[in-house]
1. Would you look at the GNM of the chain, springs on alpha carbons closer than 10 Å, and say which of 161, 92, 60 moves the most?
2. Ignoring the sites themselves, what is the longest stretch of the chain with no chymotrypsin sites (Phe, Trp or Tyr not before Pro) in a DSSP loop and at most 10 other beta-carbon atoms within 10 Å?
3. Using amide H atoms built 1.01 Å from N in the peptide plane, name the residues 5+ places from residue 121, or on other chains, whose amide H lies under 5 Å from its own.
4. Could you put 133, 176 in order of accessible surface area, largest first, with the 1.4 Å probe and the full protein assembly present?
5. Karplus couplings for segment 21-26 from phi (6.51 cos²θ - 1.76 cosθ + 1.60, θ = phi - 60°), rounded to Hz, Gly and Pro as x?
6. Once both labels are modelled 7 Å past Cα along the beta-carbon direction, what's the residue 172-residue 143 spacing in nm?
7. Please give me, ordered by residue number, the GluC sites (Glu not before Pro) of segment 1-84 that lie in loop per DSSP and have at most 15 other Cβ atoms within 10 Å.
8. By how many nm would the segment from residue 128 to residue 110 grow when fully extended, if each residue of separation counts as 0.36 nm and the alpha-carbon distance is taken off?
Amino acid sequence: MLKLDLHTHIWEAFNFQEPSVSIAEKVVHEIKKKGIDGIAITDHHNYEWAFQFRELVEELYPGEIIIIPGWEIEVRPVSSPFDEYQVTELFLSDDTIFRIYCHPGYYTPNIIIEDNIHAIEIDNYIHNWHIRKPQVERIAEEHSLLTVSVSDAHNLENIGLRYTEIDLQDLYTRAKT
């Protein structure tokens with residue numbers, strides 16, 4: 001089992017700078033300091049940075065930590081267009097995307113689970129104030145969703161304050177079904 005923080009905003013944490021050796025050193029140090037195995041980088045509307053950063057980290061620290069590129073996007077369900085919510089999409093491979101319903105209850109109190117949602121946040125370091133855990137647990141069970149704990153880190157120090165223990169193969173398997 002791996003300890004992964006599946007929702008972080010590293011590009012934002014470093015003021016939208018290009019990936020660099022200095023940023024990689026700081027992020028890898030923080031991941032190791034927190035005792036986790038890796039992170040998903042899920043900045044708003046930008047996945048290119050996460051892919052570039054992963055390449056840099058793999059070059060500098062081969063096999064030491066896991067970086068999963070992704071992004072956070074807004075979704076307006078066709079069935080209820082006033083109920084916007086956020087989803088993180090984790091790009092596990094060229095043809096495998098794992099989707100997590102982010103901070104349920106924020107913008108809308110309604111939780112609408114559409115096709116291709118694989119997990120839902122039950123513990124979010126920044127957004128816990130509005131997550132109704134009994135409702136999330138019920139919805140997760142009804143839709144066979146994985147519940148995840150995440151930091152939603154928008155700064156370096158918050159990386160890994162929440163994480164999910166999971167096997168990477170479980171993410172792939174859920175994304176393929």
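1. Comparing 161, 92, 60 in a Gaussian network model of the chain, the most mobile one is 60.
2. Working: sites that count: 16, 82.
The segment 83-177 is the longest one with no such site.
3. Amide H neighbours of residue 121, under 5 Å, 5+ apart: 101, 103, 148.
4. These residues rank, largest area first, as 176, 133.
5. Couplings: 4, 4, 5, 4, 4, 5 Hz.
6. With each label placed 7 Å out from Cα toward Cβ, I get 2.5 nm.
7. On the way: sites: 12, 25, 30, 48, 55, 58, 59, 64, 72, 74, 84; in loops: 64, 84.
Hits after loop and neighbour filter: 64, 84.
8. 4.9 nm
The values are calculated or read from the model by the stated rules, or taken from the named source; none is laboratory data. Since the structure is predicted, the reported quantities are computational estimates derived from the model, not experimental observations. Positions of Cβ are backbone-derived with ideal geometry, glycine not excepted, and every protein chain shown enters the neighbour counts. Just so you know, the surface numbers come from the protein's heavy atoms only, side chains and all, with ligands and any DNA or RNA stripped out. Shrake-Rupley method; radii C 1.70, N 1.55, O 1.52, S 1.80 Å.
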